[in-house]
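First up is the structure itself, then whatever we jot down about it.
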Amino acid sequence: MLATGIVGARAVSGQQKAIPVIGLLGSGSPFVRAGHLLAAFLDGLSETGYVDGQNVAIEYRFAEGHYDRLPALAADLVSRKVDLIFASGVLSSVLAAKNATSTIPILFIGDDDPVAAGLVASLARPGGNVTGASIMITELTPKRLELLCELVPEGKVLALLVNPNNPQTERVIRDMQDAARAKGVQLLIAQAGSESEIDAAFATLVQLHSDALVVGPDPIFLRQREQIVALAARHAVPASYPVREFATDGGLISYGSSVTAAFRLVGTYAGRILNGAKPADLPVQQPTTFELVVNLKTAKALGLTVPPAILARAEEVIE
């Protein structure tokens, strides 16, 4: 059964023109609809003159972590003749949309190399019907291990939390194993693809006496960040995270690009496309700045002293 959300009416009354409809294809949960990331997308959309429920409608389709549902959800949006598809979450979302249509414009926010993934011909000139923003979170995962080693220099056993259902997971594990060898630390791999599996993963890490944890990039982890941060606090596990939302919610340290900024940017792209721009002519955007956020309150609770070198590089320090 297809997961559906708000359905925008396309009926024509008298001489009134039907408003455009954006199909939002998400790999995660419908709870995204109430979150700050969707709000950022809508903010970007409003900058171009489009307000949800007034002169544009949005139809939502969510796979709820079941990535095998994405092709059917994408096909459903295409059959409804939406004017634009915004594919968010994992690469599988974008590929499902791309495989479903070669004519409807597709916007994405992705963590993969969009050229290598076959989404676009080049970053500057995407060609075809796909463009968007690359947030480059996966390739920064080894950097988060390095930061954690600075914070917990006595740590010899570090763990990596990944979602086995994410197509990027193999690459993340491989890169992290290389980074761990370079730092001379042991790396444990914990896997979780659901709320209950996250609880079980933390229990295992405690049993294995992991000194610290790197949380890998995954939409499920972002959605469950309050649960993850609470578990890290309960078990006194120093952890580093891929985006600032974890640190502002009580996590120890985060390093990555601004996902909120990417959603706002793609919102402006959506408006430009609805106004006549072609995806082929809109360059794929990449982050130019990366945010290091340190939560000193959490560090104090863990009995950690944050090195001055890290504080000096931090964009935000939470006290």
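Restricting attention to the stretch 157-168, which residues are modelled with pLDDT of 90 or more and surrounded by 21 or more Cβ atoms within 10 Å (Cβ to Cβ)? Walk me through it before giving the result.
Initial filter on the stretch 157-168 (modelled with pLDDT of 90 or more): 157-164.
Listed by number, the residues that qualify are LEU158, ALA159, LEU160, LEU161, VAL162, ASN163.
Can you report the number of residues in the stretch 132-156 which are farther than 20 Å from THR288 by Cβ and either β-branched (Val, Ile, Thr) or modelled with pLDDT under 90 (or both)?
1
With the structure loaded, tell me whether ALA239 is over 20 Å from SER194 (Cβ atoms) and modelled with pLDDT of 95 or more or whether it fails that test. It would help to see each step written out before you state the result.
Working: over 20 Å from SER194 (Cβ atoms): no; modelled with pLDDT of 95 or more: yes.
No, not satisfied.
Among the residues of the stretch 241-250, are any surrounded by 15 or more Cβ atoms within 10 Å (Cβ to Cβ), assigned to a strand (DSSP E or B) and within 17 Å of the chain's Cα centre (by Cα)? Give the derivation first.
Filtering the stretch 241-250 down to residues surrounded by 15 or more Cβ atoms within 10 Å (Cβ to Cβ) leaves 241-250.
Pick out the ones that are also assigned to a strand (DSSP E or B) and you get 241.
Filter once more, keeping what is within 17 Å of the chain's Cα centre (by Cα): 241.
Yes: one or more hits.
Would you call LEU145 closer than 17 Å to GLY256 by Cα and either not assigned by TED's automatic domain parsing to the domain that holds ILE310 or not aromatic (Phe, Trp, Tyr) (or both)?
Working: closer than 17 Å to GLY256 by Cα: yes; either not assigned by TED's automatic domain parsing to the domain that holds ILE310 or not aromatic (Phe, Trp, Tyr) (or both): yes.
Spelling it out, LEU145 is indeed closer than 17 Å to GLY256 by Cα and either not assigned by TED's automatic domain parsing to the domain that holds ILE310 or not aromatic (Phe, Trp, Tyr) (or both).
Pairs please, first residue from the stretch 65-76 and in the same structural domain as GLY26 (by TED's automatic domain parsing) and within 9 Å of ALA97 (Cα to Cα), second anywhere and crowded, with 17+ Cβ neighbours inside 10 Å and of a type in the set (Ser, Thr, Tyr), Cβ atoms under 6 Å, 6+ apart in sequence or on different chains.
If the second residue must be crowded, with 17+ Cβ neighbours inside 10 Å and of a type in the set (Ser, Thr, Tyr), the pairs left are LEU70/SER92; LEU70/SER93.
Based on this model, can you work out whether TYR269 counts as out of contact with any helix residue (DSSP H, G or I) (no Cβ under 7 Å at 6 or more places or on another chain) and either in the same structural domain as SER46 (by TED's automatic domain parsing) or assigned to a strand (DSSP E or B) (or both)? Walk me through it before giving the result.
Working: out of contact with any helix residue (DSSP H, G or I) (no Cβ under 7 Å at 6 or more places or on another chain): yes; either in the same structural domain as SER46 (by TED's automatic domain parsing) or assigned to a strand (DSSP E or B) (or both): yes.
Yes, satisfied.
Do the conditions hold for VAL294, that is, is it assigned to a strand (DSSP E or B) and in the same structural domain as GLN207 (by TED's automatic domain parsing)?
Values: assigned to a strand (DSSP E or B): yes; in the same structural domain as GLN207 (by TED's automatic domain parsing): yes.
Criteria met by VAL294.
Run down ILE198, ILE189 and say which single residue is outside the structural domain of ASP83 (by TED's automatic domain parsing), surrounded by fewer than 18 Cβ atoms within 10 Å (Cβ to Cβ) and within 23 Å of the chain's Cα centre (by Cα). Lay out the reasoning, then the answer.
Numbers: ILE198 fails: surrounded by fewer than 18 Cβ atoms within 10 Å (Cβ to Cβ).
Result of the check over ILE198, ILE189: ILE189.
Looking at (1) surrounded by fewer than 19 Cβ atoms within 10 Å (Cβ to Cβ); (2) outside the structural domain of GLU150 (by TED's automatic domain parsing); (3) of a type outside the set (Asp, Glu), can you tell me which one LEU274 breaks?
So the condition that LEU274 fails would be (1).
Name the single residue, out of those in the stretch 80-92 being more than 11 Å from GLY23 (Cα to Cα) and surrounded by fewer than 24 Cβ atoms within 10 Å (Cβ to Cβ), that is farthest from the chain's Cα centre (by Cα).
Selected residue: SER92.
Answer yes or no as to whether LYS81 is at pLDDT 95 or above and assigned to a loop (DSSP other than H, G, I, E, B).
Details: at pLDDT 95 or above: yes; assigned to a loop (DSSP other than H, G, I, E, B): yes.
So LYS81 fits the description; yes.
Only one residue in THR260, THR268, THR305 is surrounded by fewer than 14 Cβ atoms within 10 Å (Cβ to Cβ) and not small (Gly, Ala, Ser). Which one? Before the answer, list the steps.
On the way: THR260 fails: surrounded by fewer than 14 Cβ atoms within 10 Å (Cβ to Cβ); THR268 fails: surrounded by fewer than 14 Cβ atoms within 10 Å (Cβ to Cβ).
Going through THR260, THR268, THR305 in turn, just one is surrounded by fewer than 14 Cβ atoms within 10 Å (Cβ to Cβ) and not small (Gly, Ala, Ser): THR305.
The values are calculated or read from the model by the stated rules, or taken from the named source; none is laboratory data. What you see is a predicted model; the values in this text were computed from it and never measured. All Cβ positions, glycine included, derive from the backbone under ideal geometry; neighbour counts span all protein chains shown.
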